[in-house]
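Values in this text are rule-based calculations from the coordinates and carry no lab data. As the structure is a prediction and not an experimental result, all values here were calculated from the model. Don't worry about glycine lacking a Cβ; one is built from the backbone with ideal geometry, like all the others, and counts go over all protein chains shown.
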Amino acid sequence: MKKVNWKWIIGLGFIITLALYVYLKSFTLLLLPEGDLIQSVESPDRSRTFHAYLVNAGGATGGFAIRGEVEDRKNGKRKTIYWKYKIETATIDWLDNLNVKINGMKLNVKTDKYDYRKHQ
């Protein structure tokens, strides 16, 4: 019977976990910092609220960012749909019950997301 080499299994598990963390942190909106709430605006029918947060994205060497999330007021679920770096203000206008315009970017709250890292 062959002996199991636990060092390789643990090392491989660590590498996979690290790669997954880097992917989620760098290429998705899932692990963004919370930030400080600067503005909340309700949709015309009051079924959703768009929250804008100011995030110190780069620490002492970087700038600020705006993270925007939509809250479904019926079930309380929140979803981040907007992430913009090197900006400190948020101008939010609901166009209708499903479309919001934030800093000039029109987003459908059910289907769209804006991540500046993908639009550079």
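Report the FRET efficiency, 1/(1 + (r/R0)^6), for Thr111 and Lys86, where r is their Cβ-Cβ distance and R0 is 35 Å, rounded to 0.05.
Between Thr111 and Lys86 the formula returns 0.85.
Under a plain spin-label model, where a point goes 7 Å from the Cα along Cα-to-Cβ, how far apart in nm are Asp45 and Tyr21?
About 4.3 nm separates the two model spin labels.
Using helices alone, what [θ] at 222 nm do you get for the chain, with -39,500 (n - 2.57) per DSSP H run of 4 or more residues, divided over all residues and rounded to the nearest 500?
Value at 222 nm, helices only: -6500 deg cm²/dmol.
Check which residues have an amide H placed less than 5 Å from Arg73's amide H, if you skip close sequence neighbours.
Residues meeting the amide H criterion: Arg48, Thr49.
Determine which residues of the range 64-94 fall in the zone a paramagnetic label at Lys101 would reach in this model, i.e. backbone nitrogen under 12 Å from the point 7 Å along Cα→Cβ.
Residues passing the 12 Å test: 91-94.
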